[in-house]
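Asker: Here it is, the structure in full.
The values are calculated or read from the model by the stated rules, or taken from the named source; none is laboratory data. Since the structure is predicted, the reported quantities are computational estimates derived from the model, not experimental observations. All Cβ positions, even for glycine, are placed from backbone atoms using ideal geometry, and neighbour counts span all protein chains on display. Note: accessible area is taken over every heavy atom of the protein model, side chains too, but ligands, DNA and RNA are not part of it. Shrake-Rupley method; radii C 1.70, N 1.55, O 1.52, S 1.80 Å.
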Amino acid sequence: MAGGWTKDGAVSEQIEASINDELARMRARKVPQGESLTHCADCEEPIPEARRLALPGVKLCIDCVRERDGAFKARGGINRRGSKDSQLK
Ligand SMILES: [Zn+2]
């Protein structure tokens, strides 16, 4: 009865991946962690001071946050325009 659950390893892998996505998204979004960075952790663009003050623990510039946001939506199959936009850039 319970054996069917783990029959396919890909299923649990997928579940794990979506949980990790969720955690990463929460971290990137609003959970303050440590100090704000002066430069984006992703593209190394300087992060404006106003943004650092508004979002304690911010690690990414606005562009990278938007890009990640779009990537998450695209992966969820809700909206694929985000990834298209970043390709055009
Ligand atoms: Zn960036």
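Asker: Which residue is least open to solvent (accessible area, probe 1.4 Å), if the candidates are limited to the range 56-67 and must be of a type in the set (A, V, I, L, M) and touching a residue at least 24 places away in the same chain (Cβ under 8 Å)?
Answerer: 60
Asker: Here is a check on your reading of the model: is residue 85 at pLDDT below 85, within 16 Å of the ligand (Cβ to nearest atom) and over 15 Å from the mean Cα position of the chain (by Cα)?
Answerer: yes
Asker: I'm trying to understand the selection: among the residues of the range 1-58, which are modelled with pLDDT under 90, among the charged types (D, E, K, R) and in a loop (DSSP other than H, G, I, E, B)?
Answerer: Answer for the range 1-58, where residues must be modelled with pLDDT under 90, among the charged types (D, E, K, R) and in a loop (DSSP other than H, G, I, E, B): 7, 8, 30, 35.
Asker: Okay, moving on. Pairs only if they're at least six apart or on different chains, beta carbon under 7 angstrom, first in the range 38-51 and among the aromatic types (Phe, Trp, Tyr), second near the ligand (Cβ under 6 Å from one of its atoms) and open to solvent by 80 Å² or more (accessible area, probe 1.4 Å); list them, first residue then second.
Answerer: Here the result reads none, with nothing in the range 38-51 linked to a residue that is near the ligand (Cβ under 6 Å from one of its atoms) and open to solvent by 80 Å² or more (accessible area, probe 1.4 Å).
Asker: Output the number of residues of the range 44-55 satisfying the condition of being within 11 Å of the ligand (Cβ to nearest atom) and open to solvent by 60 Å² or more (accessible area, probe 1.4 Å).
Answerer: 3
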